[in-house]
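As structure tokens, the structure follows; a few thoughts come after it.
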Amino acid sequence: MAVRDSSEPHRAHDRTGTRPIGVGVLGAADIAWRNALPAVQRCDELRLVAVASRSAGKAGRFADRFGCEAVDSYSRLLERDDVEAVYVPLPNALHEEWAEAALRAGKHVLVEKSLTVDAEAARRLAGLAEARGLAFMENFTFLCHPQHDEVRKLVADGAIGTPQTFTASLGIPRGGGDLIRYRPELAGGTLRENGCYPLRAALLHLGDDLRVLGAHLRTDPATGVDVAGSALLADGAGLTAQCDFGLEHSYRNTYALWGSEGRVELDWAFNPRPETRPVLRLQRGDVREERVLAAADQFQLTFAAFAAACREPVAHRHHAQDAVRQATVMEAVLRAATR
């Protein structure tokens, strides 16, 4: 892997924000085709420059659709001066390698979840980004949807009393066996594929002092990856979080906070479509209320947040810190499940 190592801290070429930031993509992934690159094109702060794939045909199809250049090598994309930031939607097993390569090449980095379940690797990447003055984010787009701010405001205003329990579930039906999520050599499995979402939501609502009390992962002997799992967590005050996830389940995508006086719940908590108006359910005593919230494009909002971090990396260092906390929780779940 021959990638130029930029030893000096990165300085944004344009601090005024008037010129879009040049973005390159490492990997011709389905999520990039369906969601990410259309969002990049809708973000005025970013300009899609090139897509790299080890398959020239795949790179060419992306270039034709999105009006950018095709590159047949990840390393060559990182050598381009017109690429200031990279989006990394590669398989999980390649995230650490190419996120590090991008940072060493002086590029801001947005890497798909799961960054890693190795907390030490996450700390090292975050430290490298900080040392070089670069933005570093893990791509949990749901965090940018305003429906979660509505939940947090209700809780802060006492709508459910004192919070007692957080529950979250994300399960999807079984797909074809050739999918990356069923390939152990590419770090597939439900914990990295979709279990990371309920765990990240628990961090959002319960805070950073979460500890893992127990966990279980069920492995499919045919594929060698975990296909179902649950984790029980608690914060320092004893507020618990129950997170459930799986790859061979009827579809479920929700979380709820249950308090001393009520309960608030979101459907489509993690991946509503841009045109979807999410429904928030609030129950307090015998009174039940449904609130239809505004639609939002969480992918576009995420790339706008990434652009802001590229403009002012120091002011947005919390993104890298969040990635480290997430990796720490993920590692603890895996450790508890294998005991």
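The values are calculated or read from the model by the stated rules, or taken from the named source; none is laboratory data. Predicted, not measured: the structure shown is a model, and the values here were computed from it. When we count neighbours, we look across all protein chains shown, and the Cβ atoms used for this are built from the backbone with ideal geometry, even at glycine. Heads up: the accessible areas ignore ligands, DNA and RNA and are worked out on the full protein's heavy atoms, side chains in. Shrake-Rupley method; radii C 1.70, N 1.55, O 1.52, S 1.80 Å.
Rundown of residues vs (1) among the acidic types (Asp, Glu); (2) farther than 23 Å from THR328 by Cα, yes/no style:
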| residue | (1), (2) |
| --- | --- |
| ILE180 | no, yes |
| ALA202 | no, no |
| ALA228 | no, no |
| ASP235 | yes, no |
| PHE245 | no, no |
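Which pairs do you get when a residue that is crowded, with 16+ Cβ neighbours inside 10 Å, found in segment 59-71, comes within reach of a residue that is acidic (Asp, Glu), reach meaning Cβ atoms under 8 angstrom, with the pair 6+ apart or on two chains?
What qualifies is ALA59/ASP72; ALA63/GLU69.
Has segment 229-239 got any residue that is in contact (Cβ under 8 Å) with a residue 40 or more places away in the chain and surrounded by fewer than 19 Cβ atoms within 10 Å (Cβ to Cβ)?
Keep residues of segment 229-239 that are in contact (Cβ under 8 Å) with a residue 40 or more places away in the chain, which gives 229, 231, 233, 239.
The next check asks that each one be surrounded by fewer than 19 Cβ atoms within 10 Å (Cβ to Cβ); those that pass are none.
Checked against the condition, which is being in contact (Cβ under 8 Å) with a residue 40 or more places away in the chain and surrounded by fewer than 19 Cβ atoms within 10 Å (Cβ to Cβ), segment 229-239 yields no hits at all.
Yes/no matrix, rows are residues, columns are (1) touching a Lys or Arg at 6+ places or on another chain (Cβ under 8 Å); (2) farther than 30 Å from ALA122 by Cα:
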residue: LEU217; (1), (2): no, no
residue: THR223; (1), (2): yes, no
residue: LEU232; (1), (2): no, no
residue: ASP267; (1), (2): yes, yes
residue: LEU280; (1), (2): yes, yes
residue: GLN298; (1), (2): no, no
residue: HIS318; (1), (2): no, no
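Please go through segment 151-183 and give me each residue that is more than 20 Å from the chain's Cα centre (by Cα), assigned to a helix (DSSP H, G or I) and surrounded by 13 or more Cβ atoms within 10 Å (Cβ to Cβ), ordered by number.
Hits for segment 151-183 are LEU154, VAL155.
Between a first residue in segment 279-295 that is under 15 Å from LEU154 (Cα atoms) and a second residue that is in a loop (DSSP other than H, G, I, E, B) and open to solvent by less than 90 Å² (accessible area, probe 1.4 Å), which pairs have beta carbons less than 6 Å apart while being 6 or more apart in sequence or on different chains?
Within 6 Å, the pairs are LEU280/LEU293; GLN283/GLY262; ARG284/GLY262; LEU293/PRO278.
Going through segment 195-214 one residue at a time, which ones are open to solvent by less than 20 Å² (accessible area, probe 1.4 Å) and farther than 14 Å from VAL117 by Cα?
The first filter runs over segment 195-214 and keeps only residues open to solvent by less than 20 Å² (accessible area, probe 1.4 Å), leaving 195-196, 198-199, 201-203, 206.
PRO198, ALA201, ALA202, LEU203, LEU206 - these are the residues of segment 195-214 that are open to solvent by less than 20 Å² (accessible area, probe 1.4 Å) and farther than 14 Å from VAL117 by Cα.
Within segment 237-259, how many residues turn out to be hydroxyl-bearing (Ser, Thr, Tyr) and farther than 22 Å from GLY214 by Cα?
Residues meeting the conditions: 2.
How many of the residues making up segment 241-292 are hydroxyl-bearing (Ser, Thr, Tyr) and either surrounded by fewer than 16 Cβ atoms within 10 Å (Cβ to Cβ) or part of a loop (DSSP other than H, G, I, E, B) (or both)?
4
Please give the number of the condition GLY262 fails out of (1) closer than 29 Å to ASP209 by Cα; (2) within 21 Å of the chain's Cα centre (by Cα).
Single failed check for GLY262: (2).
So, in segment 72-94, of the ones that are small (Gly, Ala, Ser) and more than 15 Å from ALA29 (Cβ to Cβ), which residue ends up least open to solvent (accessible area, probe 1.4 Å)?
Among those residues, the one meeting the criterion is ALA85.
Quick check on ALA327: is it part of a helix (DSSP H, G or I), surrounded by 18 or more Cβ atoms within 10 Å (Cβ to Cβ) and at pLDDT 95 or above?
yes
Yes/no per residue for (1) in contact with a helix residue (DSSP H, G or I) (Cβ under 9 Å, 6 or more places away or on another chain); (2) of a type outside the set (Ser, Thr, Tyr):
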| site | (1), (2) |
| --- | --- |
| GLU138 | yes, yes |
| ASP157 | no, yes |
| THR167 | yes, no |
| ILE172 | yes, yes |
| ALA187 | yes, yes |
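Kindly provide the set of residues from segment 141-150 that are part of a helix (DSSP H, G or I) and either of a type in the set (S, T, N, Q) or surrounded by 14 or more Cβ atoms within 10 Å (Cβ to Cβ) (or both), ordered by number.
Matches in segment 141-150: THR141, PHE142, LEU143, CYS144, GLN147, HIS148, GLU150.
Are there helices (runs of 4 or more DSSP H) fully within segment 32-124 with at least 2 residues that are closer than 17 Å to ALA187 by Cβ and either in contact with a Leu (Cβ under 7 Å, 6 or more places away or on another chain) or among the β-branched types (Val, Ile, Thr) (or both)? List them. Show your work before the answer.
On the way: elements: 37-42, 56-66, 74-78, 92-104.
In segment 32-124, 92-104 are the helices (runs of 4 or more DSSP H) which contain 2 or more residues that are closer than 17 Å to ALA187 by Cβ and either in contact with a Leu (Cβ under 7 Å, 6 or more places away or on another chain) or among the β-branched types (Val, Ile, Thr) (or both).
What pairs can you find where one residue is in segment 164-189 and under 14 Å from GLY229 (Cβ atoms) and of a type in the set (A, V, I, L, M), the other is part of a loop (DSSP other than H, G, I, E, B) and open to solvent by 20 Å² or more (accessible area, probe 1.4 Å), and their Cβ atoms are less than 8 Å apart, with a gap of 6+ or different chains?
ILE172/HIS249; ILE172/TYR251
Being open to solvent by 10 Å² or more (accessible area, probe 1.4 Å), assigned to a strand (DSSP E or B) and not basic (Lys, Arg) is the filter; apply it to segment 215-228 and report the residue that is nearest to ALA187 (Cα to Cα). Explain how you work it out, then say what you get.
Restricting attention to segment 215-228, the residues satisfying the condition of being open to solvent by 10 Å² or more (accessible area, probe 1.4 Å) are 215-224, 226, 228.
Okay, now just the ones that are also assigned to a strand (DSSP E or B), so 215-219, 226, 228.
Add one more test, that the residue is not basic (Lys, Arg), and what stays is 215-217, 219, 226, 228.
On the way: ALA215: 19, HIS216: 18, LEU217: 14, THR219: 13, ASP226: 10, ALA228: 15 Å.
Among those that are open to solvent by 10 Å² or more (accessible area, probe 1.4 Å), assigned to a strand (DSSP E or B) and not basic (Lys, Arg), it is ASP226.
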